[in-house]
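Presented below is the structure to which this report refers.
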Amino acid sequence: MACHAINGNEAAAGRVGPDLTHFAERAMFAGYILPNDVEEGPDGAETVSAWLADPQAVKPGAQMPDLGLNDDQIDALVAYLATLK
Ligand code: HEM
């Protein structure tokens, strides 16, 4: 919420990172360099899961921090991001 905006979620008004309102509609992400597989869901979204696990490992220099998320948290976030159509 500090970094990302999501329309319809007043708490999410961050401007540091991209607006995630329609994230699930995007074919690519992270500056259009990574294929967006979020629609594959927690078991199939390898790229988005890897991004959430460690953004810098996937895109060196990315300004998104490693949030130290565990697998359950990543799965829950992928399921949520897949709803952002
Ligand atoms: C659980 C928390 C978070 C989730 C689920 C999340 C999710 C995402 C997603 C899906 C993207 C790709 C967006 C796109 O390219 O369309 C992204 C990018 C980004 N996020 Fe986050 N984010 C989180 C926390 C944060 C925090 C705390 C910050 C700031 C300190 C942040 C900063 C950024 C930045 C700067 C980018 C652009 C990176 C780039 O393209 O190089 N994010 N985030």
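Between amide H atoms placed 1.01 Å from N, distances below 5 Å from Ala12 occur with Ile6, all of them 5 or more places distant or on a separate chain.
The largest-to-smallest principal axis extents of the Cα set in the chain are 29, 26, 25 Å.
Using a 1.4 Å probe on the protein chains only, how many percent of the accessible area of the chain belongs to carbon and sulfur?
Values: 2870 of 5180 Å².
Accessible surface attributable to carbon and sulfur in the chain totals 55 percent.
Could the peptides 51-59, 1-9, 63-71 be put in order, highest first, of the mean number of other beta-carbon atoms found within 10 Å of their residues?
Listed from highest to lowest mean packing, they are 51-59, 1-9, 63-71.
With protein chains left intact and a 1.4 Å probe, residues in the chain average 61 Å² of accessible area per residue.
The values are calculated or read from the model by the stated rules, or taken from the named source; none is laboratory data. What you see is a predicted model; the values in this text were computed from it and never measured. Reconstructed Cβ throughout: ideal geometry from the backbone, glycine too, with neighbour counts over all protein chains shown. Areas reflect the complete protein model, heavy atoms only, side chains present, ligands, DNA and RNA absent. Shrake-Rupley method; radii C 1.70, N 1.55, O 1.52, S 1.80 Å.
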